[in-house]
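Colleague: My structure is below; once you've seen it, I'll send some questions.
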Amino acid sequence: MGRPAVSVVSGCLAVSIFMTLGQIWRIGLLSDGQFGWQTVTTPPPATGKQQLVLSAAGRFTQSRAVLNSTYDSNTKTFYGSAGAVVNNSDIMKLYSNSRVLHPPATILQLLNNIQAVRWMFNDSAIHNLRSRLENATRTNEQFILTRQNAPLNTDINFSAQNGKFTITERIFAAEPATSPLTNRTFETCSLVGNSGLLKGSGCGREIDKSDFIIRFNMPPVISHWREDIGTRTSMVTTNIHTIVSRFHQLHHNMDWTQAFRNFIRNCNLQSTHILTFPFNVRGNGDFFLDFQETLKRNGIKNQVLMNHPDHRRLVSDFWAKEGLNEPTPTSGFYLVSAALAFCKHVRIFGFWPFLTNRQGAQVDYHYTLNYLHRDGGLTNWNHRIDREFFKLVELYRDGVVELVTGTCR
């Protein structure tokens, strides 16, 4: 590994340049606020200081100096702006078969480097990833199962197993004519996970500032946690386990309907879209159709949307090519990918796959549970949420998403 050569170019801030074999990113900030970078293939470093002339490529304030750093795309090594080389051993664990239950030193170091100064969105990087994602996954057209993209008698593949299902008259009747998100663009979206990291965060107001807010698995959005999780919800996901365990069986119509109606009212979800995933695997479709029909029959106004399995599979394929090759993405990571299509800026709260926080204190897996209650997300081998989280940290580092892992006070 090469040693850093620090060079002060006339009119620029001092920039730490790490020379190594292979392709690296050279990044720096000019004193007048111009941000410059180069991607080059470097020879072995010569003795003495290496001179680098930075080209202007976008305008940022000096708070963007967090990006005065170097990343080796061959070895996947990130070098902090202070010249500290981050150890790769912990990163490699994330891509092994060993579940990582505590935040690796590499991730903690990277988060500290990113937050050393005020962070900003990088609109150029966002546009680049959004364009590539849309070309590969067609979120605008394919995110939601509709009568346009899933006509009657169409055969469609399940997203997480082999086999196909057919759009029957019953499924077709449950589809909207078009997706409510088609051709919509929101200035800011917040995706709010359920990690116990949210408790005591004081992030409720920041979350509620967003134009579109996504939550997962019908969490209780009640006054007890208002200061930490906010009160608004634009879209919420649900699964079979949540529906059955929280609201009892659908067959007990009166009891179920009243429990569900109370939950919707108490959590201020009356105008919230409910996103379901009926066609990830065989056998779930009838349950979610029963769910949707029960709401409609009992006058519950929430629009239930069905995810298009083709889209989820395309998103999984996209990230596999980016190095995140998992059997199927979690709903959280999947919806981050989708949100990049219809949100200019994506903020992420309550995503934390570890049992301890950045300071080493124990963290409840869900903000509604204590430390002893663990969810299958930590041990589900179809979902390596630790590896997904590291990809989110990379996107945070690049200014593509904002990943909140501390307090908002």
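Colleague: Could you say which residue among Leu324, Leu355, Leu289 is out of contact with any Cys (no Cβ under 6 Å at 6 or more places or on another chain), closer than 28 Å to Thr166 by Cβ and in contact (Cβ under 8 Å) with a residue 24 or more places away in the chain?
Modeller: Answer to the selection: Leu289.
Colleague: Under 7 Å by Cβ, and 6 or more places apart or on different chains, what pairs join a residue from region 195-216 that is closer than 15 Å to Leu403 by Cα with one that is hydroxyl-bearing (Ser, Thr, Tyr) and assigned to a strand (DSSP E or B)?
Modeller: Matching pairs, first to second residue: Ile207/Ser190; Ser210/Thr188; Ser210/Ser190; Ile213/Ser190.
Colleague: May I pose another question? Residues Asn135, Asn128, Asn153: which one is assigned by TED's automatic domain parsing to the domain that holds Thr242 and within 24 Å of Pro327 (Cα to Cα)?
Modeller: None of the other options fit; the residue is Asn135.
Colleague: Applying the selection to region 298-321, what residues are polar (S, T, N, Q), buried (at least 17 other Cβ atoms within 10 Å of the Cβ) and in contact (Cβ under 8 Å) with a residue 60 or more places away in the chain?
Modeller: Across region 298-321, the qualifying residues are Asn307, Ser316.
Colleague: Go through (1) out of contact with any Leu (no Cβ under 7 Å at 6 or more places or on another chain); (2) modelled with pLDDT of 95 or more and name the single condition His241 misses.
Modeller: (2)
Colleague: A follow-up question, please. Which one of these does Leu295 not meet: (1) part of a helix (DSSP H, G or I); (2) in contact (Cβ under 8 Å) with a residue 60 or more places away in the chain?
Modeller: Every condition holds for Leu295 apart from (2).
Colleague: If you don't mind, there's one more thing I want to ask. Just give me the residues in region 264-300 being more than 18 Å from Arg313 (Cα to Cα) and of a type in the set (A, V, I, L, M, F, W, C), in sequence order.
Modeller: Ile264, Cys267, Leu269, Ile274, Phe287, Phe288, Leu289, Phe291, Leu295, Ile300
Colleague: Another question, if that's okay. Considering only region 262-286, state which residues are without any contact (Cβ under 8 Å) to a residue 12 or more places away in the chain and of a type in the set (S, T, N, Q).
Modeller: Correct list: Asn262 only.
Colleague: Here's another thing I want to ask about it. Failed condition for Pro278, given (1) touching a Ser or Thr at 6+ places or on another chain (Cβ under 7 Å); (2) buried (at least 20 other Cβ atoms within 10 Å of the Cβ); (3) part of a loop (DSSP other than H, G, I, E, B), with all others met?
Modeller: Exception for Pro278: condition (1).
Colleague: Of a type outside the set (Lys, Arg) and within 23 Å of Thr188 (Cβ to Cβ): does that describe Leu152?
Modeller: Against the criterion (of a type outside the set (Lys, Arg) and within 23 Å of Thr188 (Cβ to Cβ)), Leu152 does not qualify.
Colleague: State yes or no: is Ile167 farther than 30 Å from Gly406 by Cβ, in contact (Cβ under 8 Å) with a residue 60 or more places away in the chain, in the same structural domain as Phe291 (by TED's automatic domain parsing) and over 23 Å from the mean Cα position of the chain (by Cα)?
Modeller: For Ile167, the condition - farther than 30 Å from Gly406 by Cβ, in contact (Cβ under 8 Å) with a residue 60 or more places away in the chain, in the same structural domain as Phe291 (by TED's automatic domain parsing) and over 23 Å from the mean Cα position of the chain (by Cα) - is not met.
Colleague: Next question. Among the residues of region 315-339 satisfying the criterion of being hydrophobic (A, V, I, L, M, F, W, C) and touching a Ser or Thr at 6+ places or on another chain (Cβ under 8 Å), which is farthest from Pro219 (Cα to Cα)?
Modeller: Among residues in region 315-339 that are hydrophobic (A, V, I, L, M, F, W, C) and touching a Ser or Thr at 6+ places or on another chain (Cβ under 8 Å), the one farthest from Pro219 (Cα to Cα) is Phe318.
Colleague: Of the conditions (1) over 26 Å from Gly350 (Cβ atoms); (2) exposed (fewer than 14 other Cβ atoms within 10 Å of the Cβ), Ile167 clears all except one; give me its number.
Modeller: Of everything listed in (1) over 26 Å from Gly350 (Cβ atoms); (2) exposed (fewer than 14 other Cβ atoms within 10 Å of the Cβ), Ile167 misses just condition (2).
Colleague: Could you tell me whether region 207-217 includes any residue that is at pLDDT 90 or above, out of contact with any helix residue (DSSP H, G or I) (no Cβ under 8 Å at 6 or more places or on another chain), surrounded by 19 or more Cβ atoms within 10 Å (Cβ to Cβ) and polar (S, T, N, Q)?
Modeller: Yes; the residues of region 207-217 include at least one that is at pLDDT 90 or above, out of contact with any helix residue (DSSP H, G or I) (no Cβ under 8 Å at 6 or more places or on another chain), surrounded by 19 or more Cβ atoms within 10 Å (Cβ to Cβ) and polar (S, T, N, Q).
Colleague: Here's another thing I want to ask about it. From Arg232, Arg313, Arg226, Arg265, grab the single residue that is in a helix (DSSP H, G or I), basic (Lys, Arg) and either outside the structural domain of Thr185 (by TED's automatic domain parsing) or in contact with a helix residue (DSSP H, G or I) (Cβ under 6 Å, 6 or more places away or on another chain) (or both).
Modeller: Arg226
Colleague: If you don't mind, another one. Quick one: how many residues across region 341-352 are more than 14 Å from Lys199 (Cα to Cα) and either part of a strand (DSSP E or B) or out of contact with any Cys (no Cβ under 8 Å at 6 or more places or on another chain) (or both)?
Modeller: 7
Colleague: As an exercise: evaluate Asn135 against (1) in a helix (DSSP H, G or I); (2) closer than 17 Å to Tyr396 by Cβ and give the number of the one condition it does not meet.
Modeller: The failed condition is (2).
The values are calculated or read from the model by the stated rules, or taken from the named source; none is laboratory data. This one's a predicted model, so the numbers in the text were calculated from it and none came from an experiment. FYI the Cβ positions are ideal-geometry reconstructions off the backbone, even for glycines, and counts take in every protein chain you see.
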